[in-house]
Amino acid sequence: MGDPVVGIVVGSDSDLPVVRGAADMLRHLGVAWELVIASAHRTPDLAASYAAGAAGRGIKVLIAAAGGAAHLAGALAARTLLPVIGLPVGGGALNGVDALYATVQMPPGVPVATVAINGAANAALLAAQIVALSDPACARALAEYRRGLTAAVEEKSRRLAAEGLAGYLGER
Ligand code: RP5
């Protein structure tokens, strides 16, 4: 798949089960990625140096996944001009709402494109859409993915028409 163009950063190894959804989607689309653990709070220097060096190594976009007081995406965005996608991770006492707010409420001037709590697939798709701006193969993979979404809904609609509501819901 070539050199990584998407850098995925998690604040902790406990975020990996959620981030797997992003890695799987990028693999499905044929987009090369790398994955590192770097915490905004526990390893601030590592997070900063990773973000600062990413563009120079050919990375086009970052995905930052963190839970709780999730400052990782913002901390990376502060150190790079690459687009940063924030992926708030659910769990903990506030079930990801804290991570969502911490990730999305960036000050004017340093944006983070924030997806839903645990929205790993959308984080990957948004990253791929950015990569696709300069990668025709990625653009074709995304178009094929969208065709698949359309076909799936059309098939469900056909089945609903054929089986009726009760049949579709398995009530008879
Ligand atoms: C955040 O704190 C991490 O991103 C993780 O979601 C959360 C808990 O981390 P661990 O205590 O599980 O390492 O920084």
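Side notes on the structure shown:
- Between 0 and 90°, nearest 10: helix 120-132 axis offset from the chain longest Cα axis: 80 degrees
- The chain - accessible surface per residue (Å², probe 1.4 Å): 54 Å²
- Cβ-derived FRET efficiency at R0 22 Å, A137 paired with R20, nearest 0.05: 0.40
- Shown for the chain: the carbon plus sulfur share of the solvent-accessible area, taken with all protein chains present and a 1.4 angstrom probe, equals 58%.
- Seen from R147, the other residues with C-beta closer than 11 Å to its C-beta sum to a net charge of 0, counting Lys and Arg as +1 and Asp and Glu as -1.
- Part-to-part distance (alpha-carbon centres) for the range 139-159 and the range 42-87, which is given in Å: 33 Å
- Convex hull volume of the C-alpha atoms in the chain, normalised per residue: 141 Å³.
- Summing +1 for each Lys or Arg and -1 for each Asp or Glu among the other residues whose beta-carbon sits under 15 angstrom from that of A55 gives +1.
- The sum of -39500 (n - 2.57) across all DSSP H runs of n ≥ 4, divided by the residue count of the chain, sets its helix-only mean residue ellipticity at 222 nm to -16000 deg cm²/dmol.
- Packing rank of 49-62, 142-155, where each peptide gets the mean count of other beta carbons within 10 Å, highest leading: 49-62, 142-155
- Gaussian network model of the chain, Cα within-10 Å springs - most flexible of V104, V36, V19: V36
The values are calculated or read from the model by the stated rules, or taken from the named source; none is laboratory data. Keep in mind the model is a prediction, meaning the values are calculated, not measured. Neighbour counts are summed over all protein chains in view; Cβ atoms, including those assigned to glycine, are modelled from backbone coordinates with ideal geometry. Areas reflect the complete protein model, heavy atoms only, side chains present, ligands, DNA and RNA absent. Shrake-Rupley method; radii C 1.70, N 1.55, O 1.52, S 1.80 Å.
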